[in-house]
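Remarks on the structure that follows.
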Amino acid sequence: MGRNFILLGPPGSGKGTQAAMLAGSLNLLHISTGEILRGEIAKDSKLGRQAAVYMDKGDLVPDEVVFEIVEHVLGTNRKAGAVLDGFPRTRRQAEMLCEHEIAIEKVIYISVPDEEIVRRLSKRHYCEKCNKVVTYDDEFCLVCHSPMTVRADDKPDVIRKRLQVYHELTEPLIAFYKEEGCLAKVNGVGTVAEINRRMLATLDNSDENKGGGIDNT
Ligand code: AP5
Ligand code: MG
């Protein structure tokens, strides 16, 4: 079985940005449950229509639905190993991973204050065509030059709801994984490159890499 990592953090903390980089450098799959669900919504599938009811309000999609998606993707790529972005998000989802004996090497918690989250998400634009290109303020995609768009759940009231849901249901996982002994906390404020270096340093326990924004407490 491959190496599996979890990126845990509030909405807009940079999970997607950093997961893509980490998966690229470690040659792992990048599994974003949010992106998979948005893909289903774009296809107008039954699953997508069900998920949109929750996502548009900033609520979580039911645990069983999300777990089925993760199990399917992981199950068909069991040996590859993955960076899980935005999963698990509830205590039940974390337990489901344990029950299915999906071993997690490290949980990297990206810490970003709420006010920075609101600032980032209210400025976010993305390209529907390239999907993963997420950038600030640009009118056209830097890759395919299509017009940029705003995510359906990046409206101010929905951002607030997502943050509230995060604090209530997902934040308790920090203590859960700390107790499991696999949590590393990374300061998520800084440049994308700085945070990437902090993340990689959590995977390398050599003395020279201790510090630099890492907090294992
Ligand atoms: P999901 O898609 O996972 O959204 P999220 O957790 O709210 O997080 P985001 O994708 O908004 O942010 P991110 O942390 O990936 O940050 P990003 O890199 O984009 O989930 C959406 C919905 O799907 C949920 O609300 C729920 O309904 C459902 N769902 C998904 N998973 C589920 C699950 N497991 N269970 C139940 N329901 C589930 O960066 C954000 C912005 O900041 C970007 O503009 C980026 O360019 C910018 N940025 C990135 N890094 C930096 C930096 N260092 N400095 C400044 N800006 C930065
Ligand atoms: Mg994301």
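The values are calculated or read from the model by the stated rules, or taken from the named source; none is laboratory data. These numbers were taken from a predicted model, which means no experiment stands behind them. We place every Cβ from the backbone using ideal geometry, glycine too, and count neighbours over all the protein chains shown.
Annotations for the structure displayed:
- Number of residues in segment 22-50 that are farther than 24 Å from V118 by Cβ and surrounded by 14 or more Cβ atoms within 10 Å (Cβ to Cβ) equals 13.
- Hey, N77 surrounded by fewer than 19 Cβ atoms within 10 Å (Cβ to Cβ), under 26 Å from L28 (Cα atoms), among the polar types (S, T, N, Q) and in contact with a strand residue (DSSP E or B) (Cβ under 7 Å, 6 or more places away or on another chain) or not: yes
- Selection of segment 103-126 for residues being crowded, with 19+ Cβ neighbours inside 10 Å and closer than 15 Å to Y177 by Cα yields V107, I108, Y109, I110.
- 3 or more residues within 16 Å of ligand 2 (Cβ to nearest atom): qualifying helices (runs of 4 or more DSSP H) within segment 104-191: 114-121, 156-165
- All positions within segment 59-96 that are of a type in the set (A, V, I, L, M) and within 15 Å of F5 (Cα to Cα): V70, V73, L74, A80, A82, V83, L84, A94
- Residue in segment 82-96 that is touching a strand residue (DSSP E or B) at 6+ places or on another chain (Cβ under 9 Å), surrounded by fewer than 19 Cβ atoms within 10 Å (Cβ to Cβ) and not small (G, A, S) present: no
- Selection count where residues are more than 11 Å from ligand 1 (Cβ to nearest atom), among the polar types (S, T, N, Q) and closer than 24 Å to H125 by Cβ, scope segment 29-58: 0
- Matching residues in segment 64-98 - criterion: being at pLDDT below 90 and polar (S, T, N, Q): T76, N77
- Test: residue in segment 127-148 that is crowded, with 17+ Cβ neighbours inside 10 Å, charged (D, E, K, R) and within 18 Å of the chain's Cα centre (by Cα): no
- Condition check for S146: without any contact (Cβ under 8 Å) to a residue 40 or more places away in the chain and at negative phi: yes
- Some residue of segment 99-109 being touching a residue at least 12 places away in the same chain (Cβ under 8 Å) and hydroxyl-bearing (S, T, Y): yes
- Applying the condition of being part of a helix (DSSP H, G or I) and either of a type in the set (V, I, T) or closer than 22 Å to P10 by Cα (or both) to segment 92-103 and asking which residue is farthest from ligand 2 (Cβ to nearest atom) yields E95.
- Residues that are more than 11 Å from ligand 1 (Cβ to nearest atom) and within 24 Å of K178 (Cα to Cα) within segment 1-28 comprise M1, G2, R3, N4, F5, L22, A23, L26, L28, listed in sequence order.
- Scanning segment 137-154 for residues that are within 28 Å of K43 (Cβ to Cβ), within 12 Å of ligand 1 (Cβ to nearest atom) and not hydrophobic (A, V, I, L, M, F, W, C) yields D138, R151, D153, D154.
- Scanning segment 39-64 for residues that are of a type in the set (K, R) and within 22 Å of R92 (Cα to Cα) turns up just one, K57.
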